[in-house]
1. Restricting the search to the stretch 1-15, which residues are more than 11 Å from V38 (Cβ to Cβ) and of a type in the set (A, V, I, L, M)?
2. Would the stretch 21-28 turn up any residue that is exposed (fewer than 10 other Cβ atoms within 10 Å of the Cβ) and not hydrophobic (A, V, I, L, M, F, W, C)?
3. All but one of (1) at pLDDT 95 or above; (2) surrounded by 10 or more Cβ atoms within 10 Å (Cβ to Cβ) hold for E18; state the number of the condition that does not hold.
Amino acid sequence: MRVVSRLVKMDFQIGAMERKENQLLITSHPSQSMKTKVYMDPTDAVDLIKSALNWSVISFALTLPFLYAKSKRENKNGAKE
């Protein structure tokens with residue numbers, strides 16, 4: 001996942017997700033040079049779900065297995081060349 005803001009442009013690999021009291025804690029993968037923690041409260045989660053309920057996101061989710069397979073196939077072919 002790529003995070004882009006006025007303050008930073010960074011690649012963020014999710015390492016772990018866990019519930020911490022009434023929040024969801026998402027931590028970066030241990031291999032990341034910049035250790036990151038993201039806290040998502042229930043309001044954030046509801047906002048995320050509301051914003052994801054549109055055809056663009058739903059169609060992406062439905063085609064995700066095919067997109068993933070295509071991505072893996074392209075990466076495998078690119079590595080051989």
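1. Within the stretch 1-15, V4, L7, V8, M10 qualify.
2. First pass over the stretch 21-28, keeping only residues exposed (fewer than 10 other Cβ atoms within 10 Å of the Cβ): 21-22.
From the residues that got through so far, the ones that are not hydrophobic (A, V, I, L, M, F, W, C) too are 21-22.
Yes, there is a match, as at least one residue in the stretch 21-28 is exposed (fewer than 10 other Cβ atoms within 10 Å of the Cβ) and not hydrophobic (A, V, I, L, M, F, W, C).
3. It fails just one condition, (2).
The values are calculated or read from the model by the stated rules, or taken from the named source; none is laboratory data. From a predicted model like this one, the values you see are computed outputs, not experimental measurements. Cβ sites come from the backbone with ideal geometry, for glycine too, and all protein chains shown count toward neighbours.
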